[in-house]
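Single-structure report; data block below.
The numbers here are math on the coordinates, done by the rules we state, and not lab data. This is a predicted model, so every value here is computed, not measured. Cβ atoms come from the backbone with ideal geometry, glycine included; neighbour counts cover every protein chain shown.
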Amino acid sequence: MSESKSVGTVIIGGGIGGVALAYYLAELGEGDILVVEGRELASGCTGGSMGGVRQQFSTPNEVELALRGLNFWQTFEETFDYPCTYHRDGYLMLTGRQEIYDKLGAAAEVQRAGGAPNVEMVLAADLQRIAPWLNPEGLIGGCWTPDDGRVNPTDGVYGLAAAARKLGVKFRQNTYISKIEKAKGGWTLQTDEPIKARRVIIAGGLGSPELVRPFGLDLPITPMMVHYGFTTPVISDQPLPMTIDLDSGFCVEREQDAAVVTILASSSPETYGVDDMLMEFAEAAAVRAPIFTEVSIRTTISAAADATGGDGHPFIGEIEPGLWTMTGFDGHGTMQGPAIAKFTANLMSGIADPVLDPATFEPRRHLGETQEWLRASRK
Ligand SMILES: Cc1cc2nc3c(=O)[nH]c(=O)nc-3n(C[C@H](O)[C@H](O)[C@H](O)COP(=O)(O)OP(=O)(O)OC[C@H]3O[C@@H](n4cnc5c(N)ncnc54)[C@H](O)[C@@H]3O)c2cc1C
């Protein structure tokens, strides 16, 4: 491709958002699309994700996006003819506090009203059937969604990229964009060999705020470190849903015959590291699931998620003529990213969404407080 020639559409960011958007735009018939990635595809938040896919949210917008995301991942292999197993392990949110149990019950109603067929409130005495290894002492119960599950989002990105390539999308990796500048007939993206584009979409995850700041936009997307560990084999003969104790942050999920373990908190001190997490996990496990105090940790991962402030919604829209953003997935972009990308591709193509209002996501909107309390973390 000649550098002086203008590309039709450049998407900055090769995570789940950017790659899915390239696919959906191409599927709608757009040609001349280039995805530019500063490192390698899926090397940002997406590569660090725990891959959880849940419908358990408490507000209609989040439930709508979550259900679309759930459907995307459940049907991924047949849609894209690419291996990316959907592990239907289910999600189990637990609490010993009546007020949180009541809020889970209200959230379950929102999920059912949004079309989720399989949402069950369970009492502590019923938990044996779902998670036999769990100690229900001190719990009131929780919410159980057996259709939820987990995926490997990196497989998803590569599957989407393969499908996008078949539709003519081009990819350029190891190309970091330091600045976006207005140019005649479009934009110039500053990198070793500047790229000219008629239209640009910023899907850079944690890299997005820096790119949009010169356009007078201060996006509250900040890194939130998450540490997790992979155990030695454990209870491979028993069901192991993604289990989150909302009181302690105790969280486990299945990984082959072993488990992934972590403590989920909405914030932690800057000095909080993987050893602190493992210590907290051991304390919580001693109460909630003593079997997990007997495992060894084979390896750990620490990665930054894309915490999104204000109302917690992503920033989707045109911030200057021909310059768009689609970013800020608030730590649930694996499950919701592809659905958000499809919504964005439709919006860019003038196709109205039957449910979601674009104003909710407008990048320059007034930012209120989030109404969504069901972020998967200690309450
Ligand atoms: C530890 C952890 C656990 C998580 N668990 C879950 C989970 O269970 N379920 C779930 O749904 N979500 C989870 N998430 C969140 C999810 O991974 C993110 O919300 C999602 O991946 C964001 O996708 P994205 O495409 O917007 O960003 P990214 O995946 O970060 O992609 C953006 C890309 O843009 C590139 N980029 C940035 N700036 C530039 C630039 N200037 N020039 C060129 N390229 C640039 C980056 O290199 C990056 O590859 C988790 C995240 C982490 C870190």
(request) Sorted from largest down, give the three principal axis spans of the alpha carbons of the chain, whole angstrom values. (result) 67, 41, 41
(request) Just give me a number: lysine pairs in the chain, eight or more positions apart or cross-chain, with C-alpha atoms less than 28 Å apart. (result) 21
(request) Mind computing the radius of gyration and Dmax over the alpha-carbon atoms of the range 174-226? Å is fine for both. (result) 12.3, 43
(message) Between helix 333-348 and the chain, what is the angle of the helix's C-alpha long axis to the longest principal axis, kept within 0 to 90° and rounded to the nearest 10?
(response) 30
(message) Taking 37 °C and 0.692 mPa s as the conditions, I'd like the Stokes-Einstein D for the range 96-203 in µm²/s, using the Kirkwood hydrodynamic radius from alpha carbon pairs.
(response) 172
(message) Please list, by residue number, every one of the trypsin sites (Lys or Arg not before Pro) in the range 1-109 that is coil in DSSP and has at most 10 other beta-carbon atoms within 10 Å.
(response) K5
(message) Taking the 0 to 90 degree range and rounding to the nearest ten, how far is the long axis of helix 16-27 tilted relative to the main principal axis of the chain, both from C-alpha atoms?
(response) 50
(request) Among V35, T232, A131, flag the residue with its Cα farthest along the positive direction of the charge dipole of the chain, charges on Cβ as +1 for Lys/Arg and -1 for Asp/Glu. (result) V35
(request) Please give the calculated 222 nm ellipticity per residue for the chain, where each DSSP H segment of at least 4 residues contributes -39500 (n - 2.57) and the sum is spread over every residue; nearest 500 deg cm²/dmol? (result) -8500 deg cm²/dmol
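Just want the ordering: M242, M121, M348, M335, from fewest to most Cβ atoms lying within 10 Å of their own Cβ. Can you show the working numbers first?
Working: M242 26, M121 16, M348 21, M335 29.
Going from sparsest to densest Cβ surroundings: M121, M348, M242, M335.
So for the range 119-278, considering every pair of alpha-carbon atoms, how many percent are separated by more than 18 Å?
Details: 9421 of 12720 pairs.
In whole percent, the share of Cα-Cα pairs in the range 119-278 beyond 18 Å is 74.
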(message) Could you check the spin-label model distance between T222 and D276? Points 7 Å from the Cα along Cα→Cβ, value in nm.
(response) 1.5
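Rank by packing, highest mean first: peptides 7-18, 257-268, with packing defined as the count of other Cβ atoms within 10 Å averaged across residues.
Numbers: 7-18: 27.2, 257-268: 18.9.
Most protected by this proxy first, the peptides run 7-18, 257-268.
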(request) Could you state the angle between the C-alpha long axis of helix 60-74 and the longest principal axis of the C-alpha atoms of the chain, as a value from 0 to 90 degrees rounded to the nearest 10? (result) 90
(request) Taking DSSP loops as anything outside H, G, I, E and B, show the longest stretch in the chain free of GluC sites (Glu not before Pro) there with at most 16 other beta carbons within 10 Å. (result) 138-269
(request) Place a +1 charge on the Cβ of each Lys and Arg in the range 125-268 and a -1 charge on the Cβ of each Asp and Glu, then give the dipole magnitude about the Cα centre in debye, rounded to the nearest 20. (result) 1440
(request) Among DSSP beta bridges lying fully in the chain, give the percent that are antiparallel, nearest 5. (result) 70
(request) Might you report the magnitude of the Cβ-based charge dipole of the range 195-328 about its Cα centre, with Lys and Arg at +1 and Asp and Glu at -1, to the nearest 20 debye? (result) 680
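Taking the Cα centre of the range 258-316 as origin, work out the dipole magnitude from +1 charges on Lys and Arg Cβ and -1 charges on Asp and Glu Cβ, in debye rounded to 20.
Details: 2 positive and 8 negative charges, 47 e Å.
Value, rounded to 20: 220 debye.
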(message) Taking 8 Å as the Cα distance limit and 6 or more residues as the minimum spacing, I'd like the relative contact order of the range 1-49 as a percentage.
(response) 46
(request) Considering the options I180, G48, G204, tell which one lies farthest towards the positive end of the dipole of the chain, charges being +1 on Lys and Arg and -1 on Asp and Glu at the Cβ, about the Cα centre. (result) I180
